[in-house]
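Read the figures in this text as sums done on the coordinates, not as results from a lab. What you see is a predicted model, and the numbers here were worked out from it, not measured in a lab. Note: ideal-geometry Cβ built from the backbone for every residue, glycine included; neighbour counts use all protein chains shown.
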Amino acid sequence: MGAPNTDSSSSFLTDKSAKIFVAGHRGLVGSSIVRKLVSLNFTNLILRSHAELDLTRQSDVDAFFAAEKPDYVILSAAKVGGIHANNTYPADFIAINLQIQTNVIDSSFRHGVKKLLFLGSSCIYPKFAPQPIPESALLTGPLEPTNEWYAVAKIAGIKMCQAYRIQYHFDAISGMPTNLYGPNDNFHPENSHVLPALMRRFHEAKVKGAKEVVVWGSGSPLREFLHVDDLADACVYLMENYGGLEHVNVGSGKEVTIKELAELVKEVVGFQGELVWDTSKPDGTPRKLMDSSKLAEVGWRPKIELRDGLVDTYKWYLENVKQ
């Protein structure tokens, strides 16, 4: 357990004019972090789209850091996708993610960044990790084969932060979020995750006046969900209060069955038809819960209840996703 930062001269929250580079600011996570920092009156956010700065190009990243000299870096940029994408493009998932994080972490150290937060994913853990999954489960068994390329890259990012801390005393920390949802999620019909996929399907069924929606599996697997605005809040908290070697799990600590989730989404969307379970289809992992007690010990807990978060997300969907 790393000791919280007590050096008041390096307090993240006190310097509102500090230059903060949020890498991946247009994604689900990055956009939420930007909203959070703006709400806290940070005035000097450095944001670059992929077209403006290709993080896979080492020389471009180095030139950017040399010119901008950010004080803090939050690294949420990554190539992400579902099972189909991971199986189809394994080289992209390992190479692009390794390039992005290696370039950003190394340039951050060499150009005097005060603190860096690297964000990963719960898929870093072994396929058969104990439940709830503690941080200590890392590298204790084989990974889930369908996303091991992405997972290996993220594990390398954690280890890189640790190595730079050990060798150079660089204040690099890592946070590993559970399943996230919220504004700016991916609602694509084919390659979105379970929660946005359900929301889109119930909404379209409601609009068409459909009698039923068929969902894969039995509905029995347990999953944990965290609203992305809670993650953004946790990121700020870690930047202010954590300076340890070990990565930190960021979860809600609450599980719901896929069946409970589907019923809740159905209710929030207002679909009046039947929910039918196709039990001939696979269920996936029976349970996947992260142990976030370490983060609770440091002093942070989530605030957004699942139902409230779903209402907020559906409102965003109606306003922003082309019908």
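For the stretch 162-208, a residue qualifies if it is out of contact with any Leu (no Cβ under 8 Å at 6 or more places or on another chain), surrounded by 22 or more Cβ atoms within 10 Å (Cβ to Cβ) and under 26 Å from residue 302 (Cα atoms), but none of them does. For beta carbons closer than 8 Å, sequence separation of 6+ or different chains, a first residue in the stretch 249-260 that is touching a residue at least 12 places away in the same chain (Cβ under 8 Å) and a second that is β-branched (Val, Ile, Thr) and not in a loop (DSSP other than H, G, I, E, B), the qualifying pairs are 249/133; 258/194; 258/215. If the condition is being under 18 Å from residue 285 (Cα atoms) and of a type in the set (Val, Ile, Thr), then the stretch 196-232 contributes only 215. Any chance the stretch 229-246 includes a residue that's surrounded by fewer than 17 Cβ atoms within 10 Å (Cβ to Cβ), in contact (Cβ under 8 Å) with a residue 60 or more places away in the chain and not charged (D, E, K, R)? Scanning the stretch 229-246, I find at least one residue that is surrounded by fewer than 17 Cβ atoms within 10 Å (Cβ to Cβ), in contact (Cβ under 8 Å) with a residue 60 or more places away in the chain and not charged (D, E, K, R), so the answer is yes. Taken as a whole, the condition of being under 18 Å from the mean Cα position of the chain (by Cα) and of a type in the set (Gly, Ala, Ser) applies to residue 122. Evaluate the following for residue 276: is it under 19 Å from residue 227 (Cβ atoms) and either aliphatic (A, V, I, L, M) or without any contact (Cβ under 8 Å) to a residue 40 or more places away in the chain (or both)? So residue 276 fails the test.
For the stretch 107-152, residues that are closer than 30 Å to residue 17 by Cα, part of a helix (DSSP H, G or I) and either among the basic types (Lys, Arg) or free of Cβ contacts under 8 Å to residues at least 12 places away in the same chain (or both) total 1.
Matching residues to (1) touching a residue at least 12 places away in the same chain (Cβ under 8 Å); (2) outside any loop (DSSP other than H, G, I, E, B); (3) farther than 20 Å from residue 101 by Cβ:
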site: 12; (1), (2), (3): yes, no, yes
site: 15; (1), (2), (3): yes, no, yes
site: 30; (1), (2), (3): yes, yes, no
site: 35; (1), (2), (3): yes, yes, yes
site: 41; (1), (2), (3): yes, no, yes
site: 52; (1), (2), (3): no, no, no
site: 59; (1), (2), (3): no, yes, no
site: 62; (1), (2), (3): yes, yes, no
site: 65; (1), (2), (3): yes, yes, no
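Hey, among the residues in the stretch 264-301 that are under 30 Å from residue 245 (Cβ atoms) and among the β-branched types (Val, Ile, Thr), which one's surrounded by the fewest Cβ atoms within 10 Å (Cβ to Cβ)? Per the criteria, the residue is 285. Considering only the stretch 201-216, state which residues are of a type in the set (D, E, K, R) and in a strand (DSSP E or B). Selection gives 212 alone. Within the option set 128, 109, being over 25 Å from residue 180 (Cα atoms), surrounded by fewer than 23 Cβ atoms within 10 Å (Cβ to Cβ), among the aromatic types (Phe, Trp, Tyr) and over 16 Å from the mean Cα position of the chain (by Cα) holds for one residue only, 109.
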